[in-house]
Amino acid sequence: MVSSMSSKADVWQGTLALMVLKTLERAGSLHGYGIARRIEETSAKLLSVNYGTLYPALLKLEQEGYISSEWGLSDNNRKAKFYQLTRAGCKQIEKETEDWEQMTAILARFLNPKIA
Amino acid sequence: MRMLRGWLVRLGSLSNKQRKDKEFDEEIESHVQMHIDDNVGLGMTLEEARRQAMIKFGGVESTKEAYRDQRGLPWLEMLWKDIRYGARQLRKNPGFTAVAVLTLALGIGANTAIFSVVDAVLLRPLPYADSGQLVSLSERGPDWSGGSLSYPNFIDWKNQQSVFERFGAYSGNNLTLTGAGEPVRLGAALMSAEVFAALRAQPEIGRVFGEGEDKPSAPPVAVISHALWQNRLGGQPGIVDKTISLNGKAYTILGVMPEGFDFPYKVDLWLPVGPSSADSNWQKRNNHPGLYGVARLKPGVTLEKARADLDVIAARLEQQYPESNKTRGVQIDRLLDNKVGNVRRSLWILLGAVSFVLVIACANVANLLLARAAAREKEMALRAALGAGRWRITRQLLTESGLLALLGAGVGLLFAKGVLRLVTVLAGESIPRAAEISLDPHVLLFSGLVAVLTGTLFGLAPAWHASRVNLQGTLKEAGRGATSSRTGIRQGLVIAEVALTFVLLVGAGLLLLSFHRLLQVNPGFAVDRVLTFRINPPEDKYQTDTQEILFCQALREKLRALPGVQAASLCSQTPLHEGGWDMLFLIEGRPEPPPHLQPSLQVHLIAPDYFQAMGIPLLQGRDFTEQDNREHLKGALAANAWGAGLNSIIIDEEFAKHYWPDQNPIGQRVRIPFGERGEQPVVTVVGVVGRIKENRLSDRGGMEQAYFPMYQQPLRNLVVVVKTTAEPGAMATAVRQQVSQIDPVMPVFGIHTMREIRNNSVAPERLNLGLLGGFAALALVLAIIGLYGLLAFTVTQRQREIGIRMALGAQRIDVLNLVVGQGMRLILVGVVIGLLGSLALTRVLASVLFKVEPTDPLTFVTVTVLLCVVALLACYIPARRATRADPMAALRCE
């Protein structure tokens, strides 16, 4: 779950799945390498994705039916496995976003007691 | 839901692993390639681009491993590996596996069998809806209970109570079915319509009778059983509204009850009780015509509340009708308790005993495993040295023992079937609900649980040991000497086995002694060469008492003429029967006690020669003759009231001693307070006979016994008794022929020799003894095997030591003493513990023992001697082998 590069932030446990889903929501269909790059770019290179974590996470999402995969060709004509959201995956994004927002709101109250 | 889906996918991906591994390899490959492409695009050299891409990707192998773990179910794969490894281990040691599996099969199988009995008889609810709310009702007095209800009492209870939703009553009856093949005797229950409603029982087809048909003048109707419908009446749905002939009377069939509806017991049909209640005898409050109550508690009403409510009603009736109801109360029990209460204690005792057997079996297998663990010590040390964690090793060993237990349970099920067959044979009809006993899923679940539990139980000690193995020591040492703490455990196990076996042996010994004493009881009649069978002259054909008496006389003549018959007679009931028929009596010329203190006598109606046929000694006076008939009535036709024709009585010796200790009882007069005063029969004592065991061989005390001439008071349910010169069973056909010569459509049923009746009467004791004896024998064998195994093992391990001792001058006898002494120490400790345990536990047997104290010293001494002698033998064999140790060989090894 943890990136080894000290200057970059770790990907928190549980957040990687949501990041993957959101990335796929925006990009449609994407291979593992692409997903990793997009996540890193979206985080403005603050995050570094560990592949030892990414691929099992992709597999888990697929096993749970949130994403599906098929082999295809990349931009530069390389054979690659492409992942895309399923209908269940779309719903899961809504649910997890909600959970996440609630969580950050709670945390915000601790960090900034004046809001409460 | 999603999680479940994930698990299923992961379970599915356990197959086809290689293809999936390859696919992931390709995915990584393409990932790295794309990265390289990008890097090259950024201006790196190809080499640098590849290097950077590989650095960024990180450990390929660890990623693959993480991916594989996520793809499959690692723990399941591990378990599967453990199982396969365990199975291989077991296959490699067929001897060990066979002994362990067989031992467990005996333990688990016996437990499964007894549990299936306990489950079916005691635990499972009765097969009626919401059966916990059902109660049974009977009458009770100051020192007795379970008496039948009088009809007027039933009606008053029913009308005045407010605790029951439904309250019905039933009684048993027998009828002859004609016009449907051979005439046949059918068991019937007379029931009030409310009984069906209380049980919430629905017919399979048609309907049950309602209040309208449950009235004195209602036309005759019947509800029939599934079996009768199928076997006798064609099994067609059109049976409803057809009529059948019962005792020569046409009954309309209303409906068919489904299979398995056996209330109050297995009967062929159910008739409304209403028509019988018109009988003037039924209307008497002091007549108890075998009627019992069954009711459904209103929701929320407790048993205690119902008891309190009915007690108030009974007290009121006591005041209102002191003549008949003085000291009569109401007995209410749960219907289940009422049905199985008499076997509850023995079944729990048996289950307790059989669980001892299981513990002993477990101890034996644990012992085997510990012995094997010694041999596998190096293997375990090696595994630990190669990095297997303690938990990993424990899990491996527990998987092995679990595997053993499951195998044991599987084989045990076959054994359980055998035990169940034995139970049904031994039990006869002494276990209620026996038809419901089966190895159903409930029971299979139980034996599965027992297997898992036992697997853990006997696997834990060896596993714990193995996981604590001392690496360096074991690997260095050439496997010499047992770890002392392991020997400690094994000795403890053997001691426990001996102690438990001792308890079981004492229990079995007590039951054996008790059974022996029971069979030695003189029943007061001859058991050998007496054949009995039942007949019921139907009312339509033998309408008057005279016709019936003529039939009985003709039958007796026919039977007496048969070659091989010494004597033939008839009676109302043979000895050793259930229940009985009792009546109050008064001695003429003595002050009359108040009704509730009046004594009772057991009524027997008999034809002449009964005592001769049954081998009951005539002590004084005379037997009844053909002349003890109704001639004395001089044609006065008051014979409708019961007993009006009686004028003589034969009493048993206790009766005579009790009432006329210093007088000649012959010629004394006894009054039966039945019916209106003035019409009550007064009878003269004409003879005194020996006392018989009325209900059970274990009877003590009990009512006075009285015999009346059947030709003065005939009855419908007759038992014929025939004394033969040869084996009575062989006479059955000849006897049947004689009956059919007089009346070709008279069914003969219930053919038994008196020996069979005697043996059936001890069926419960036989069952207890057979099972507990079997369990004790099994325990003894297992414990001896355990002891032998332990000693044989230690002898092998100490061979070198013994060799050295012998080289230093020890004699054979010293070595014998050494080994036997070790074994006997264990035995003695076990016996002492077992002795204390027995003293505490055999008390539970007190209620099933006959003329034996639970602490019977003879039994305790015998068991101690038996156990010690057998154990000595078990010690002797390995000890003798020890003496053959070759001192030279031992010295060379050092």
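No value in this document is a laboratory result; all are computed from the given coordinates. Predicted model, so just to flag it, every value in this text is computed and none were measured. FYI the Cβ positions are ideal-geometry reconstructions off the backbone, even for glycines, and counts take in every protein chain you see.
Descriptive notes on the structure:
- When peptides B:830-841, B:690-701 are sorted by average Cβ neighbour count within 10 Å, with the highest value leading, the order is B:830-841, B:690-701.
- Euclidean distance of C-alpha centroids, the range B:414-447 and the range A:96-115, integer Å: 64
- For chain B, the mean residue ellipticity at 222 nm estimated from helices alone is -17500 deg cm²/dmol, where every DSSP H run of n ≥ 4 contributes -39500 (n - 2.57) and the total is divided by all residues, rounded to the nearest 500.
- Placing a label point 7 Å from the Cα of residue B:557 along the Cα-to-Cβ direction, the residues of the range B:697-727 whose backbone N falls under 20 Å from that point are B:710-715, B:720-723.
- Top positive-direction residue, dipole computed over chain B with Cβ charges, set B:116, B:784, B:732: B:784
- Highest-first arrangement of B:337-345, B:15-23, B:28-36, where packing means the average Cβ count within 10 Å: B:28-36, B:337-345, B:15-23
- To the nearest ten degrees, helix B:335-375 and the longest principal axis of the Cα atoms of chain B are 20 degrees apart.
- The range B:59-149: C-alpha gyration tensor shape, a/c 1.5 cut-off, then a/b vs b/c: oblate
- Relative intensity of the range A:2-111 on a log10 scale, I(q)/I(0) at q = 0.12 Å⁻¹, equals -0.44, per a Debye sum over C-alpha point scatterers of equal strength in the absence of solvent.
- Tilt relative to chain B, helix B:46-57 - C-alpha long axis, 0 to 90 degrees, to 10: 40
- Shape of chain B from the C-alpha gyration tensor: prolate (a/c of 1.5 or more and a/b above b/c, with a ≥ b ≥ c the square roots of its eigenvalues).
- Sequence ranges B:291-302, A:72-83, ranked by mean other-Cβ count within 10 angstrom, highest first: B:291-302, A:72-83
- Each distinct pair of alpha carbons in the protein assembly as shown adds a 1/r term; the inverse of their mean, the Kirkwood radius, is 36.7 Å.
- Placing +1 on each Lys and Arg Cβ and -1 on each Asp and Glu Cβ, with no other charges, gives chain B a dipole about its Cα centre of roughly 3420 debye.
- Karplus 3J(HN,Hα) series, Hz, for the range B:491-498 with 6.51 cos²θ - 1.76 cosθ + 1.60 (x for Gly, Pro): 5, x, 4, 5, 4, 4, 4, 4
- Around the Cα centre of the range B:632-724, unit charges on the Cβ atoms of Lys, Arg, Asp and Glu (plus for the first two, minus for the last two) sum to a dipole of about 200 debye.
- Listed values for the range B:875-884 are Karplus-derived 3J(HN,Hα) couplings in whole Hz (6.51 cos²θ - 1.76 cosθ + 1.60, θ = phi - 60°), namely 6, 5, 4, x, 5, 5, 5, 4, 5, 8, and x replaces Gly and Pro.
- With 0.36 nm allotted per residue and the present C-alpha distance subtracted, the residue B:727-residue B:278 stretch has 157.0 nm of extension available.
- Evaluating 6.51 cos²θ - 1.76 cosθ + 1.60 at θ = phi - 60° for every residue in the range B:294-302, the Karplus couplings come out as 9, 8, 10, 5, 4, x, x, 8, 8 Hz, glycine and proline recorded as x.
- Listed cross-link partners A:60/B:81; B:657/B:851; B:20/B:81 are compared with a 28 Å cut-off, the Cα-Cα value being larger for no pair.
- Close amide H pairs (under 5 Å, H built 1.01 Å from N) link residue B:648 with B:684, residues at least 5 positions away or on another chain.
- Principal-axis tilt of helix B:2-12 within chain B, Cα atoms, nearest 10 degrees: 70
- This model, with +1 at the C-beta of Lys and Arg and -1 at the C-beta of Asp and Glu, gives the protein assembly as shown a dipole about its Cα centre of some 3640 debye.
- Among beta bridges that DSSP assigns inside the protein assembly as shown, antiparallel share in %, nearest 5: 80
- Those lysines that a straight Cα-Cα span of less than 18 Å connects to residue B:158, excepting residues fewer than 8 apart in one chain: B:215, B:284, B:298, B:305
- When only Cα pairs below 8 angstrom with a gap of at least 6 residues are kept, the range A:2-111 shows a relative contact order of 28 percent.
- What the Cβ-Cβ distance of residue B:438 and residue B:165 gives, at R0 = 41 Å and to the nearest 0.05, is a FRET efficiency of 0.80.
- Cβ-based charge dipole, chain B, positive-most Cα from B:93, B:682, B:748: B:93
- Taking amide H positions as modeled 1.01 Å from N, with prolines and chain starts lacking one, the residues under 5 Å from residue B:291 and 5 or more places away or on another chain are B:149.
- For residue B:620, the residues 5 or more places off, or on other chains, whose built amide H falls under 5 Å of its own are B:688.
- For the range B:778-805 versus the range B:171-205, the spacing of their alpha-carbon centroids is 65 Å.
- Trypsin sites (Lys or Arg not before Pro) lying in DSSP loop within the range B:498-606, provided at most 11 other Cβ fall within 10 Å: none
- Sparse packing (at most 16 other Cβ atoms within 10 Å of the Cβ) combined with a DSSP loop state is found for the following GluC sites (Glu not before Pro) in the range B:566-633: B:578, B:588, B:626.
- Charge dipole of the range B:315-400 about the Cα centre (unit charges at C-beta), most positive-ward option of B:387, B:335, B:356: B:387
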